[in-house]
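Visitor: Before anything else, here's the structure in question.
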Amino acid sequence: MTSLKITTLSNGLRIVTDHVPSVESVAVGVWVGAGTRNEELPHNGAAHMVEHMLFKGTKRRSAQDIAEAIENVGGHINAYTSREITSYHIHLLKDDLPLALDVLSDIVQHSTMPEDEIKRERAVILQEIGMCYDTPDDIIFDNYYEAAYPNQAFGAPILGTNQIISDMSRDTLMGFVADNYTFDRMVICASGNLNHDDFIKDVEDKFNILSKSNGDNNPPSNYTGGEYRQSRELEQSHIVLGFRGVSRRADNYYDAQILATLMGGGMSSRLFQEVREKRGLVYSIYSFHSAHSDCGQFMIYAGTGSDKLPELIPVICDEINKIGSTISKEELARAKAQIISYTLMARESMMSRADRNAKSMLMYGEVRDINKIISQINEVSIESLGNMAAHIFSKQTTPTLSALGPLEELSAFDNIKKRLEILI
């Protein structure tokens with residue numbers, strides 16, 4: 001038995017509780033509808049750096065106090081920054097929920113960002129950027145976004161760059177918080193064993209000093225497509241070939257998700273079977289559809305030895321060519337089952353539930369009913385998937401290629417585009 005309740009306070013703050021009486025814990029957090037896309041390009045990385053700095057001390061707590069307050073009771077505290085959302089969340093036993101709210105309200109509203117902590121954390125983030133650079137199958141997706149969305153914050157790296165982070169000032173960080181950490185852009189969400197009315201009273205008591213936003217600060221994205229190619233001395237060549245997809249709000253969103261699952265969403269997928277199992281061209285290959293509020297990307301990743309590139313790229317193009325007109329009932333049923341099972345199994349995690357509910361509120365202004373979601377997935381047909389394939393792989397859309405490693409054997413981007421134009 002579960003009970004979902006939503007309350008909007010007079011200041012615009014939205015609160016969602018998901019009562020699960022069969023568990024002993026609660027996952028609770030603050031989700032802010034702001035991320036990398038809300039930065040100014042000269043301040044790229046500010047959203048992520050703010051996320052770090054909110055753990056570095058408040059008027060009442062030091063950085064160590066913040067960590068110990070939660071870990072002393074056996075809880076876990078963490079955060080993440082994405083292109084559109086920043087989250088601060090805690091998972092702990094149900095009796096300690098008031099403590100979690102106290103800590104969250106403290107760091108979100110009363111962070112002091114002292115200069116010595118900024119200096120220290122700047123060095124930590126520079127290490128993080130270096131670690132990302134040393135992880136080819138990670139940095140290649142940052143390169144993809146920069147090529148697909150050039151000269152705009154939406155396509156900039158979430159971590160920022162060495163130069164910008166080195167120069168990031170306290171005023172910039174505090175300004176980002178003032179502009180984006182407002183009640184109407186926040187959702188407080190909790191899933192687990194809790195009482196909604198008690199939770200509301202506690203939130204009202206603790207979250208009371210932020211303001212409302214001055215207006216929309218969500219600049220639109222502008223997909224252009226393009227190429228990012230960097231030769232590096234690596235053991236493997238890493239490739240991402242991507243196309244403009246659909247937004248998270250699109251009516252045919254689940255068509256794109258199912259198409260990506262069919263193409264390369266698991267060991268039974270077309271790409272895995274054809275490229276790895278039959279031809280032995282890669283160790284890792286997969287596809288996925290990543291959606292945002294106003295756009296989406298359909299991406300195919302492969303890591304392979306450079307000598308395999310001349311065969312690999314044509315095979316991927318062949319699979320793109322086939323997908324829209326050769327989908328079987330069995331494939332469609334399997335892809336639906338994968339997505340539905342993932343959706344339902346995620347509900348067994350309190351943190352996954354809270355995260356999904358909060359993102360749904362930020363994206364749609366409501367928590368979407370799980371049965372409605374499953375119904376939409378089941379409504380996807382072979383015909384609608386063919387239409388989605390024609391839309392994503394259209395000749396009118398420039399693809400995006402991100403390539404890293406030894407690339408002497410990789411075809412020129414124009415040749416890959418021509419091959420796709422011939423096939424599609």
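Visitor: Out of Arg83, Arg60, I need the residue that is assigned to a loop (DSSP other than H, G, I, E, B), of a type in the set (Lys, Arg) and within 22 Å of Cys189 (Cα to Cα). Which one?
Guide: Arg83
Visitor: Which ones in segment 82-122 are within 21 Å of Leu362 (Cβ to Cβ) and either acidic (Asp, Glu) or over 22 Å from the mean Cα position of the chain (by Cα) (or both)?
Guide: Within segment 82-122, Glu84, Ala100, Leu101, Ser105, Ile107, Gln109 qualify.
Visitor: Within segment 41-55, identify whether any single residue is at pLDDT 95 or above, farther than 18 Å from Ile164 by Cβ and either among the aliphatic types (A, V, I, L, M) or not in a strand (DSSP E or B) (or both), and answer yes or no.
Guide: yes
Visitor: Identify all residues within segment 88-123 that are more than 30 Å from Lys201 (Cβ to Cβ) and not in a loop (DSSP other than H, G, I, E, B); write none if there are none.
Guide: Glu115, Asp116, Glu117, Ile118, Lys119, Arg120, Glu121, Arg122, Ala123
Visitor: Every residue in segment 242-277 that is buried (at least 23 other Cβ atoms within 10 Å of the Cβ), outside any helix (DSSP H, G or I) and small (Gly, Ala, Ser), please.
Guide: Answer for segment 242-277, where residues must be buried (at least 23 other Cβ atoms within 10 Å of the Cβ), outside any helix (DSSP H, G or I) and small (Gly, Ala, Ser): Gly242, Gly245, Gly265, Ser269.
Visitor: Right, something else. Name the pairs: first residue in segment 266-294 and without any contact (Cβ under 8 Å) to a residue 12 or more places away in the chain and assigned by TED's automatic domain parsing to the domain that holds Ala389, second residue outside any helix (DSSP H, G or I) and exposed (fewer than 15 other Cβ atoms within 10 Å of the Cβ), Cβ to Cβ under 9 Å, at least 6 apart or on different chains?
Guide: Gln273/Met267; Arg276/Met267; Arg276/Tyr283; Arg276/Ser284; Glu277/Met267
Visitor: Kindly provide the set of residues from segment 318-335 that are buried (at least 19 other Cβ atoms within 10 Å of the Cβ) and either of a type in the set (D, E, K, R) or free of Cβ contacts under 8 Å to residues at least 12 places away in the same chain (or both), ordered by number.
Guide: Listed by number, the residues that qualify are Glu319, Glu331.
Visitor: If the requirement is being assigned by TED's automatic domain parsing to the domain that holds Ala178, surrounded by fewer than 20 Cβ atoms within 10 Å (Cβ to Cβ) and either within 24 Å of Asp171 (Cβ to Cβ) or small (Gly, Ala, Ser) (or both), which of these qualifies: Ala67, Ala100, Ala27, Ala34? Break it down into steps so the answer makes sense when it comes.
Guide: On the way: Ala100 fails: surrounded by fewer than 20 Cβ atoms within 10 Å (Cβ to Cβ); Ala27 fails: surrounded by fewer than 20 Cβ atoms within 10 Å (Cβ to Cβ); Ala34 fails: surrounded by fewer than 20 Cβ atoms within 10 Å (Cβ to Cβ).
Selected residue: Ala67, the only one of Ala67, Ala100, Ala27, Ala34 that is assigned by TED's automatic domain parsing to the domain that holds Ala178, surrounded by fewer than 20 Cβ atoms within 10 Å (Cβ to Cβ) and either within 24 Å of Asp171 (Cβ to Cβ) or small (Gly, Ala, Ser) (or both).
Visitor: Just checking, does segment 162-169 include any residue being surrounded by 15 or more Cβ atoms within 10 Å (Cβ to Cβ), under 18 Å from the mean Cα position of the chain (by Cα) and touching a residue at least 24 places away in the same chain (Cβ under 8 Å)? First the steps, then the outcome.
Guide: Quick first cut of segment 162-169, residues surrounded by 15 or more Cβ atoms within 10 Å (Cβ to Cβ) only: 164-165, 168.
The next check asks that each one be under 18 Å from the mean Cα position of the chain (by Cα); those that pass are none.
Within segment 162-169, not a single residue is surrounded by 15 or more Cβ atoms within 10 Å (Cβ to Cβ), under 18 Å from the mean Cα position of the chain (by Cα) and touching a residue at least 24 places away in the same chain (Cβ under 8 Å).
Visitor: Inspect all residues belonging to segment 3-12 and state whether any of them is more than 25 Å from Leu92 (Cβ to Cβ), surrounded by fewer than 21 Cβ atoms within 10 Å (Cβ to Cβ), among the hydroxyl-bearing types (Ser, Thr, Tyr) and at pLDDT 95 or above.
Guide: yes
Visitor: Every residue in segment 354-380 that is free of Cβ contacts under 8 Å to residues at least 12 places away in the same chain and either among the small types (Gly, Ala, Ser) or within 15 Å of Gly324 (Cβ to Cβ) (or both), please.
Guide: Ser360, Gly365, Ser375
Visitor: While we're on this one: If you go through segment 156-206, how many residues are in a loop (DSSP other than H, G, I, E, B) and either of a type in the set (A, V, I, L, M, F, W, C) or outside the structural domain of Tyr145 (by TED's automatic domain parsing) (or both)?
Guide: 5
Visitor: For segment 258-299, which residues satisfy the criterion of being of a type in the set (Asp, Glu) and closer than 30 Å to Asn217 by Cβ?
Guide: Matches in segment 258-299: Asp294 only.
Visitor: Out of contact with any strand residue (DSSP E or B) (no Cβ under 7 Å at 6 or more places or on another chain), within 30 Å of Thr397 (Cβ to Cβ) and modelled with pLDDT under 95: which single residue out of Asn222, Asn217 fits that description?
Guide: The conditions single out Asn217.
Visitor: Among the residues of segment 215-241, write down those that are of a type in the set (Val, Ile, Thr) and either free of Cβ contacts under 8 Å to residues at least 12 places away in the same chain or crowded, with 19+ Cβ neighbours inside 10 Å (or both).
Guide: Ile239, Val240 - these are the residues of segment 215-241 that are of a type in the set (Val, Ile, Thr) and either free of Cβ contacts under 8 Å to residues at least 12 places away in the same chain or crowded, with 19+ Cβ neighbours inside 10 Å (or both).
Visitor: Determine, yes or no, whether Thr343 is free of Cβ contacts under 8 Å to residues at least 40 places away in the same chain and closer than 22 Å to Ser394 by Cβ.
Guide: Here the answer is no, as Thr343 does not meet what is asked.
Visitor: Continuing with this model, one more query. Before we move on, is Arg14 under 28 Å from Cys295 (Cα atoms) and touching a Cys at 6+ places or on another chain (Cβ under 9 Å)? Let's see the steps before the verdict.
Guide: Numbers: under 28 Å from Cys295 (Cα atoms): yes; touching a Cys at 6+ places or on another chain (Cβ under 9 Å): yes.
When the stated conditions are applied, Arg14 passes them.
Visitor: If you check Ala34 against the conditions, is it assigned to a loop (DSSP other than H, G, I, E, B) and either among the hydrophobic types (A, V, I, L, M, F, W, C) or within 22 Å of Ser352 (Cβ to Cβ) (or both)?
Guide: Criteria met by Ala34.
Visitor: Within segment 389-409, restricting attention to residues that are among the hydrophobic types (A, V, I, L, M, F, W, C) and in a loop (DSSP other than H, G, I, E, B), which residue is nearest to Val240 (Cα to Cα)? Give the steps one after another, and end with the answer.
Guide: Going residue by residue through segment 389-409, those that are among the hydrophobic types (A, V, I, L, M, F, W, C) are 389-390, 392-393, 401, 403-404, 407.
Okay, now just the ones that are also in a loop (DSSP other than H, G, I, E, B), so 393, 407.
Values: Phe393: 15, Leu407: 13 Å.
Restricting to residues being among the hydrophobic types (A, V, I, L, M, F, W, C) and in a loop (DSSP other than H, G, I, E, B), the top hit is Leu407.
Visitor: Select from segment 360-388 the residues that are closer than 16 Å to Gly33 by Cβ and assigned to a helix (DSSP H, G or I) and list them in ascending order.
Guide: Residues satisfying the conditions are Ser360, Met361, Leu362, Met363, Tyr364.
The values are calculated or read from the model by the stated rules, or taken from the named source; none is laboratory data. Predicted, not measured: the structure shown is a model, and the values here were computed from it. Note: ideal-geometry Cβ built from the backbone for every residue, glycine included; neighbour counts use all protein chains shown.
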